[in-house]
Amino acid sequence: MPRLRQHHGPRFGERTLLGWAVALLGLASTSMVRAEPTSPDPEIAARVSKVARLRGQSNLSERRQVSAAAQAILAQTPDTIQPPFAVIQRELVRQQVVEPIHRQILAGFATADPGSLLEGIDPVLQQALADRKWRWFGVATQPIQGDPERSRLLILLVESGIDLVPPPAATEPSPKPIPLHGTLLPPYVRPQVLVTDPAKQIAPLPIEIRGREFHGEVRCQVRGLYQIEVIGESKQGPHVLANFIWPCATDLPSVPQQLAQPVPKILRTIPESESELVRLLNEDRKRAGLPPLTLDERLTKIARAHSEEMAKKRTVFHHSPTTGTPEDRVRRAHIKNSMLAENLAQAGSEDEAERSLLDSPGHRRNILDPALTKVGIGVATVQSAQGNRVLYITQLFLTE
């Protein structure tokens, strides 16, 4: 029987969908002019909550840590660009926000006239909340440097399927165990925890499971950064519910300069995009001292069809209601195998997708598995309402 390892691809493309949707707000109304401008953050937060309630998302609430992350993101992002994913991810981690799926709304407005912003933001919020259930949000505003009459707004939305407080950073190496515990939220069950250690070795963390609750222990035995990932399962297959860095006697590193800057979008055809993803994948294997994977056109055909289905439904899933599991799809194509694995991603670019997958212990284990020999990568694309290109990506691995 083939050994199936599946891990849900993190949907990191969320950040690009609404980044410039309200960039011109703040010009139409003067309903809230103040002689002495004050922070509009509380009023904006109240408006987000109101729109969420109208859309049946009464559980969406402001989280102090997400707002703090949004403020830090604005402070280090030039006024002329949309905050890059690497910066958002790092600041969320600094605030111990462990959920990997987020969306941003970026806007400009007249500092003395936030009323115009509030009047125009409702349809943007309705669109941002339309396609999934968000749990947390954060709000931050900041005057534009060199132009005190203009300010920027950043709203971060965070999806969550877990209650988890990450363990505190360890100050020195020690065999002393540090508790790690959490609770999966419906519909997720069967928690698993994977850990990548500073030497980039990946291993499951032993945990005690009681229903949706789990308890385990981490140890700061080697100085460096540990990557901890929590996976839960639903009818659509496994999902990454938490993915975060745990520092062991070291500081969280700064974002590499090349990741902190916006990457120019290269519009590739589907075959070009798939070829680029194969190239990036095999470069990562080469850096790890592994041989390249052979591209298999049969697997590419299966992977592309699955990506097209995900793009049509605008969501990411391993278990399809029409084609079944990855194992079902490969068996139906009469491809024999002794081992099978699948990675999924939704992202704004090929580079972003591969980097995000490699930062996930479960997906990294598939990419760098020496036992796997073949791969097929399929891509499908959609455009958001604002015209941004979103990639749906399937990596299908096997050993015959």
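Here is how the numbers come out for the structure above:
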quantity: Heavy-atom accessible area per residue - the chain, 1.4 Å, Å²; calculated: 45 Å²
quantity: Partner lysines for LYS374 [C-alpha distance under 23 Å; skip if fewer than 8 residues away on the same chain]; calculated: LYS200, LYS286, LYS301, LYS336
quantity: Listed residues ALA199, ALA305, ALA107, most fluctuating in the chain (Gaussian network, C-alpha, under 10 Å); calculated: ALA199
quantity: Per-residue [θ]222 nm for the chain (sum of -39500 (n - 2.57) over DSSP H runs n ≥ 4, rounded to 500); calculated: -8500 deg cm²/dmol
quantity: Within straight-line cross-link reach of LYS50, lysines at Cα separation under 27 Å, skipping those fewer than 8 residues along the same chain; calculated: LYS133
quantity: Formal net charge of residues neighbouring THR394 (Cβ-Cβ distance under 12 Å; K, R +1; D, E -1); calculated: -1
quantity: Within-12-Å neighbourhood charge of GLN95 [Cβ basis; K, R +1; D, E -1]; calculated: +2
quantity: Cα-centred dipole magnitude for the stretch 169-311, charges only on beta-carbon of K, R (+1) and D, E (-1), debye, nearest 20; calculated: 100 debye
quantity: For the stretch 287-400, alpha-carbon Rg over 2.2 N^0.38 Å; calculated: 1.05
quantity: Crossing angle, helix 297-313 versus the chain [Cα axis fit, 0-90 degrees, rounded to tens]; calculated: 30 degrees
quantity: Under 12 Å from LYS312, Cα to Cα: aspartates and glutamates that are on another chain or at least 8 residues apart; calculated: none
quantity: Probe 1.4 Å - accessible area at ARG298, Å² to nearest ten; calculated: 100 Å²
quantity: With every protein chain in place, the chain: carbon and sulfur % of accessible area (1.4 Å); calculated: 54 percent
quantity: Angle between the chain longest axis and helix 85-94 axis [Cα atoms, degrees, rounded to 10]; calculated: 80 degrees
quantity: Alpha carbon Rg of the stretch 111-261, scaled by the compact-globule rule 2.2 N^0.38 Å; calculated: 1.36
quantity: Most to least accessible of HIS215, HIS363 (protein chains only, probe 1.4 Å); calculated: HIS215, HIS363
quantity: Per-residue HN-Hα couplings for the stretch 112-126 [Karplus 6.51, -1.76, 1.60; θ = phi - 60°; Hz; x = Gly/Pro]; calculated: 7, 9, x, x, 5, 5, 4, 5, x, 8, 4, x, 5, 4, 4
quantity: Rg ratio (alpha-carbon, reference 2.2 N^0.38 Å) - the stretch 32-137; calculated: 1.10
quantity: Centre separation in Å (Cα based) which lies between the stretch 116-151 and the stretch 322-357; calculated: 35 Å
quantity: Residue with peak Gaussian network fluctuation, the chain [Cα springs, cutoff 10 Å], from ILE228, ILE335, ILE121; calculated: ILE335
quantity: Value of relative contact order over the chain, rounded to a whole percent, pairs C-alpha under 8 Å and six or more apart; calculated: 20 percent
quantity: The chain: most fluctuating residue of LEU290, LEU277, LEU241 per GNM, C-alpha cutoff 10 Å; calculated: LEU290
quantity: The stretch 188-231-the stretch 278-316 distance, computed between alpha-carbon centres (Å); calculated: 26 Å
quantity: C-alpha long axis of helix 41-54 to longest principal axis of the chain, angle in °; calculated: 60 degrees
quantity: The chain: antiparallel DSSP beta bridges as a percent of all, rounded to 5; calculated: 85 percent
quantity: Within-12-Å neighbourhood charge of VAL124 [Cβ basis; K, R +1; D, E -1]; calculated: 0
quantity: With all protein chains modelled, accessible area of GLU159 [1.4 Å, Å²]; calculated: 40 Å²
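The values are calculated or read from the model by the stated rules, or taken from the named source; none is laboratory data. As the structure is a computational prediction, the values presented were derived from the model and not from experiment. Note that we place each Cβ from the backbone using ideal geometry, even for glycine, and neighbour counts take in every protein chain shown. Surface areas here come from the heavy atoms of the whole protein model, side chains and all, with no ligands, DNA or RNA. Shrake-Rupley method; radii C 1.70, N 1.55, O 1.52, S 1.80 Å.
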